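Step one of this worksheet: look at the structure below.
The values are calculated or read from the model by the stated rules, or taken from the named source; none is laboratory data. These figures come from a predicted structure and were not determined experimentally. FYI the Cβ positions are ideal-geometry reconstructions off the backbone, even for glycines, and counts take in every protein chain you see. Ligands, DNA and RNA are stripped out before the accessible areas are found, and what is left, the full protein with its side chains, is counted by its heavy atoms. Shrake-Rupley method; radii C 1.70, N 1.55, O 1.52, S 1.80 Å.
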Amino acid sequence: MPGTLYLVATPIGNLEDITHRAIRILLEVNVIACEDTRHTRKLLNHYGIKTRAISYHEHNERDRATELLKLLEAGSDVAIVSDAGTPGISDPGFQLARLAIESGVQVVPVPGPSALIAALIASGLPTDEFLFGGFLPARSGARRTRLAELRSTPATLIFYEAPHRIAATLRDAFEILGEREAVVARELTKIHEEIARGRLSELATRFSTRERARGEMVLIIDRAVIESETKTEAAAASLAELVTTLENEGVDHRTALKKAARALGLSRDEAYRRLVAERGHRRI
Ligand code: SAM
């Protein structure tokens, strides 16, 4: 019987952010594959876990994945952990998960913290649809190109960013995406946690000094403004239809307009303006 591969999420700062199940699995598996064994040792010591730990990082990911697969095929259970958060998310884990799946080894997620989700839920920006873009390119040209590709994406944009690049990235984002609400979530779950909210241009100024731009950070940018215009267009397109339907049902014109505007999320003034434009002055 082959063993099981567990992808185990660990804290992103605060050591208490680990599940009971994660601790049990780290105690029970035969091997823990760590991004950095010295880093993970602190967590293991904190919870009295003495399981064998071996290194598994981006530089040896391919070779180690093959070795770990052999262990799994021979019946050992293996857990992957990264330095922080969820393995496989801008961290090693993907290669081994793929190999394991191809070889028929069971892959089990053990969910827990991830910086992108923690930052998103506290950002105050829409959570219903988001695009996680990992790390943006380090060079400005490539970064601006990537941002331009995402300009019309109708979703909250989330990126990991290094402190020495945050100011430049905020400036590029302002120039390419235009002024938008954004959030820099810094040092989440740690003593100096900060969730800085503001417009892109304000945040670019705020994080332009080295003292401010410290620690680990997630950048979140509001969705394309275009989206609300498109929504208004779409709503306006069905306005006349809805008003007519209500009128045909015997609702008087004023009430029909009020009801249709509310249903479509338009202000009464906007709805009136749109209806005049659409029907002409015939029936208004
Ligand atoms: N696998 C991790 C996860 O699930 O969040 C992410 C690993 S990635 C190599 C590291 C990046 O995650 C950092 O550069 C930073 O952008 C973000 N990050 C990790 N811990 C963080 C924290 N406590 N506060 C803010 N951002 C953090």
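Structure notes:
- Number of the exception - ARG197 against (1) in a strand (DSSP E or B); (2) among the basic types (Lys, Arg); (3) within 20 Å of ASP83 (Cα to Cα): (3)
- Considering the conditions (1) open to solvent by less than 70 Å² (accessible area, probe 1.4 Å); (2) modelled with pLDDT of 85 or more, LYS258 is excluded by exactly one of them, (1).
- Of the helices (runs of 4 or more DSSP H) lying entirely inside the stretch 1-74, the ones with 2 or more residues being assigned by TED's automatic domain parsing to the domain that holds VAL108 and within 28 Å of GLU187 (Cβ to Cβ) are found at 20-28, 37-46.
- For beta carbons closer than 6 Å, sequence separation of 6+ or different chains, a first residue in the stretch 63-85 that is within 16 Å of the ligand (Cβ to nearest atom) and a second that is polar (S, T, N, Q) and outside any loop (DSSP other than H, G, I, E, B), the qualifying pairs are VAL81/THR10; VAL81/THR40.
- The stretch 151-183, residues that are of a type in the set (A, V, I, L, M) and within 9 Å of the ligand (Cβ to nearest atom): ALA162
- Scanning the stretch 113-138 for residues that are in a loop (DSSP other than H, G, I, E, B) and either away from the ligand (no atom under 12 Å from the Cβ) or touching a Gly at 6+ places or on another chain (Cβ under 8 Å) (or both) yields PRO113, SER114, GLY124, LEU125, PRO126, THR127, ASP128, GLU129, PRO137, ALA138.
- Considering the conditions (1) open to solvent by less than 50 Å² (accessible area, probe 1.4 Å); (2) at negative phi, ASN30 is excluded by exactly one of them, (1).
- Taken across the stretch 143-150, residues that are of a type outside the set (Ser, Thr, Tyr), under 23 Å from GLY85 (Cα atoms) and either away from the ligand (no atom under 16 Å from the Cβ) or more than 16 Å from the chain's Cα centre (by Cα) (or both) do not occur at all.
- Residue ID - farthest from the ligand (Cβ to nearest atom), chosen from residues in the stretch 91-112 that are assigned to a helix (DSSP H, G or I) and not β-branched (Val, Ile, Thr): GLU102
- Considering the conditions (1) in contact (Cβ under 8 Å) with a residue 60 or more places away in the chain; (2) open to solvent by 30 Å² or more (accessible area, probe 1.4 Å); (3) not in a loop (DSSP other than H, G, I, E, B), VAL183 is excluded by exactly one of them, (2).
- No other residue among PHE135, PHE159 is at pLDDT 95 or above, loosely packed, with under 14 Cβ neighbours inside 10 Å, within 17 Å of the chain's Cα centre (by Cα) and assigned by TED's automatic domain parsing to the domain that holds ARG199 apart from PHE135.
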